[in-house]
Amino acid sequence: MKTFLKSIQDRRSIYAISNASPISDARIEKLIGEAVKNVPSAFNMQDQKAVLLFGQDHDKLWSIVLETLRKIVPSASFAKTEAKIKSFAAGHGTVLFFSDNAVVEGMAKEFPLYAEKFREWAPHGAGMLQFAVWNLLESEGLGASLQHYNPLITEEVKKTWNLPADWKLIAQMPFGAPTALPEEKEYEPLEKRFHVFGK
Ligand SMILES: Cc1cc2nc3c(=O)[nH]c(=O)nc-3n(C[C@H](O)[C@H](O)[C@H](O)COP(=O)(O)O)c2cc1C
């Protein structure tokens with residue numbers, strides 16, 4: 001496995017993915033489970049939830065996205081939309097990220113002084129989990145990207161996989177074996193974004 005630093009340096013949004021995987025599904029499940037278990041949350045509230053979809057369930061997700069978009073995207077531009085959704089469907093699997101609103105609101109009720117803070121911190125914890133999963137997949141040779149078809153698909157997703165009503169869908173991460181390199185990325189000068197004092 002790569003070092004954490006190397007994985008941070010190498011992680012990119014990978015849109016060209018295939019159904020292949022350099023590691024087993026059991027290994028993918030283990031990696032994502034470890035991330036869900038160990039990634040921190042405010043007050044250790046553990047509102048972050050994830051669902052891992054393989055095979056027909058992965059296909060089903062992207063067909064939900066496609067059929068949802070078909071209803072709202074003008075038909076003249078639908079071919080482009082369809083090609084994009086099919087590129088995600090071409091992958092090996094998808095991770096769905098949620099925040100359990102029952103947990104967040106439970107904490108807000110229990111600690112009224114911080115009520116607004118829990119609602120503010122929940123997306124921070126969600127981002128930490130997404131970043132951990134993205135890097136873990138990258139470090140084992142999988143390419144992934146981060147998509148947001150919520151809230152359009154949220155109700156259909158919860159109905160399809162019988163998920164609790166309080167789970168708020170936050171992001172979808174399709175992944176698979178990379179089939180093309182990403183384009184060069186531009187970086188803002190680090191000195192504009194990072195300051196060090198006291199050395
Ligand atoms: C919070 C967040 C939301 C993002 N949403 C999307 C998205 O909806 N669709 C998408 O294709 N990429 C999305 N991205 C990916 C960014 O566009 C991408 O990370 C950024 O351009 C840097 O490129 P890189 O991931 O290749 O390093 C998102 C990234 C972050 C951190």
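Structure values in brief
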| item | result |
| --- | --- |
| For Ala108: the one exception among (1) under 24 Å from Lys60 (Cα atoms); (2) open to solvent by less than 30 Å² (accessible area, probe 1.4 Å) | (1) |
| Extreme residue, farthest from Phe88 (Cα to Cα), among residues of the stretch 171-199 that are assigned to a loop (DSSP other than H, G, I, E, B) and open to solvent by less than 100 Å² (accessible area, probe 1.4 Å) | Gly198 |
| Total residues in the stretch 77-94, condition out of contact with any helix residue (DSSP H, G or I) (no Cβ under 6 Å at 6 or more places or on another chain) and at pLDDT 95 or above | 11 |
| Residues satisfying the stated conditions in the stretch 167-190, i.e. within 18 Å of the chain's Cα centre (by Cα) and either at pLDDT below 95 or not hydrophobic (A, V, I, L, M, F, W, C) (or both) | Lys168, Gln172, Pro174, Gly176, Pro178 |
| Residue identified as closer than 22 Å to Ala132 by Cα, within 16 Å of the ligand (Cβ to nearest atom) and surrounded by fewer than 17 Cβ atoms within 10 Å (Cβ to Cβ) among Ala20, Ala16 | Ala16 |
| Identity of the residue in the stretch 24-37, in contact (Cβ under 8 Å) with a residue 12 or more places away in the chain and closer than 22 Å to Gln147 by Cβ, that ends up nearest to the ligand (Cβ to nearest atom) | Ala35 |
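Listed here are the residues, each with its yes/no results for (1) farther than 16 Å from Val157 by Cβ; (2) within 16 Å of the ligand (Cβ to nearest atom).
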residue	(1), (2)
Val39	yes, yes
Gln46	yes, no
Lys49	no, no
Ser63	no, no
Lys80	yes, yes
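The values are calculated or read from the model by the stated rules, or taken from the named source; none is laboratory data. Just so you know, these numbers come straight off a predicted model, no measurement behind them. Neighbour counts are summed over all protein chains in view; Cβ atoms, including those assigned to glycine, are modelled from backbone coordinates with ideal geometry. Only protein heavy atoms, including side chains, enter the accessible area calculation; ligands, DNA and RNA are left aside. Shrake-Rupley method; radii C 1.70, N 1.55, O 1.52, S 1.80 Å.
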